[in-house]
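Chemist: Okay, here's the structure, questions in a sec.
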Amino acid sequence: MRKLSITSKITIWYTVFLVAIAMVFVFTISSAESNRIKENIKNKLIESVVEASEDIEESGEDFIFDNDIDYRENGIYISVYSGDGKMLEGFKPSELEKLPDLRDRKLWEVEDSSGGSWYVYDSIFEVGDRYVWVRGITENYAGGGFSSGIVKLMLVALPTLILIAALGGYAIAKRTLGPLRE
């Protein structure tokens, strides 16, 4: 078996080191971006629930729902429940068969039957002399969207990165060790 030259050993070490640093960098950026997207989703969900609550008025025994309420706006499903938990208006995603009980200002993360992740936010509001629940539901698309895009990019870019690192490392090692070889 042929022994590797010192130039080859340095090149391999240098290449592995650069690829490891690149992978840590990509993982860190991907995690930070995924967390930022999740926070934006949660904030938009809470904001939509509050906005919907402002468009509900009491009229005798009934509630009047303003036409401004969009029950399926930007991927957020809004539903309105009476104080005792009976659905009055709105929609829920068909993927979610069972939802948690209503809880004031509680943000849940639930899973659908196919393993998808959803956020559910409930809040109770006083309308006239009675209370209504407003529930917002949206898919947690941060889990797969950005991260899977980074993974696909890395699968394409990683071989190129390895080749560039190896060639660069070999050139540096050969030039540095040239005087010793002579």
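Chemist: Hey, does the range 137-158 have a residue that's at pLDDT below 90, among the basic types (Lys, Arg), in contact with a helix residue (DSSP H, G or I) (Cβ under 6 Å, 6 or more places away or on another chain) and open to solvent by 80 Å² or more (accessible area, probe 1.4 Å)?
Modeler: The first filter runs over the range 137-158 and keeps only residues at pLDDT below 90, leaving 140-158.
Subsequent filtering for residues that are among the basic types (Lys, Arg) retains 152.
Now drop any that are not in contact with a helix residue (DSSP H, G or I) (Cβ under 6 Å, 6 or more places away or on another chain), which leaves none.
The answer is no, given that none of the residues of the range 137-158 is at pLDDT below 90, among the basic types (Lys, Arg), in contact with a helix residue (DSSP H, G or I) (Cβ under 6 Å, 6 or more places away or on another chain) and open to solvent by 80 Å² or more (accessible area, probe 1.4 Å).
Chemist: Follow-up. Quick one: would you say Ile124 is part of a loop (DSSP other than H, G, I, E, B), surrounded by 13 or more Cβ atoms within 10 Å (Cβ to Cβ) and in contact (Cβ under 8 Å) with a residue 12 or more places away in the chain? Spell out the reasoning first.
Modeler: Values: part of a loop (DSSP other than H, G, I, E, B): no; surrounded by 13 or more Cβ atoms within 10 Å (Cβ to Cβ): yes; in contact (Cβ under 8 Å) with a residue 12 or more places away in the chain: yes.
No: the conditions fail for Ile124.
Chemist: Just name the residue that is farthest from Ile172 (Cα to Cα) out of those in the range 3-53 that are surrounded by 13 or more Cβ atoms within 10 Å (Cβ to Cβ) and among the charged types (D, E, K, R).
Modeler: Of everything passing the filter in the range 3-53, Glu51 is farthest from Ile172 (Cα to Cα).
Chemist: Here is a check on your reading of the model: is Arg103 in a loop (DSSP other than H, G, I, E, B) and at pLDDT 90 or above?
Modeler: Values: in a loop (DSSP other than H, G, I, E, B): yes; at pLDDT 90 or above: yes.
It is true that Arg103 is in a loop (DSSP other than H, G, I, E, B) and at pLDDT 90 or above.
Chemist: Would you confirm, using the coordinates I've provided, whether Ser113 is modelled with pLDDT of 85 or more, in a loop (DSSP other than H, G, I, E, B) and of a type in the set (Ser, Thr, Tyr)? Show your work before the answer.
Modeler: Details: modelled with pLDDT of 85 or more: no; in a loop (DSSP other than H, G, I, E, B): yes; of a type in the set (Ser, Thr, Tyr): yes.
Judged against the criteria, Ser113 is not a match.
Chemist: Suppose we filter the range 14-34 for residues that are farther than 13 Å from Leu158 by Cβ, in contact (Cβ under 8 Å) with a residue 40 or more places away in the chain and not hydroxyl-bearing (Ser, Thr, Tyr); how many remain?
Modeler: 2
Chemist: Answer yes if at least one residue in the range 104-115 is at positive phi, touching an Asp or Glu at 6+ places or on another chain (Cβ under 8 Å) and open to solvent by 80 Å² or more (accessible area, probe 1.4 Å), and no otherwise. Spell out the reasoning first.
Modeler: Of the residues in the range 104-115, the ones at positive phi are 105, 115.
Pick out the ones that are also touching an Asp or Glu at 6+ places or on another chain (Cβ under 8 Å) and you get 105.
Checking which are open to solvent by 80 Å² or more (accessible area, probe 1.4 Å) leaves us with 105.
Yes: one or more hits.
The values are calculated or read from the model by the stated rules, or taken from the named source; none is laboratory data. As the structure is a prediction and not an experimental result, all values here were calculated from the model. Using ideal geometry, Cβ is built from the backbone for each residue, glycine included, and neighbour counts are taken over all protein chains shown. Ligands, DNA and RNA are excluded from the accessible area calculation, which covers all protein heavy atoms including side chains. Shrake-Rupley method; radii C 1.70, N 1.55, O 1.52, S 1.80 Å.
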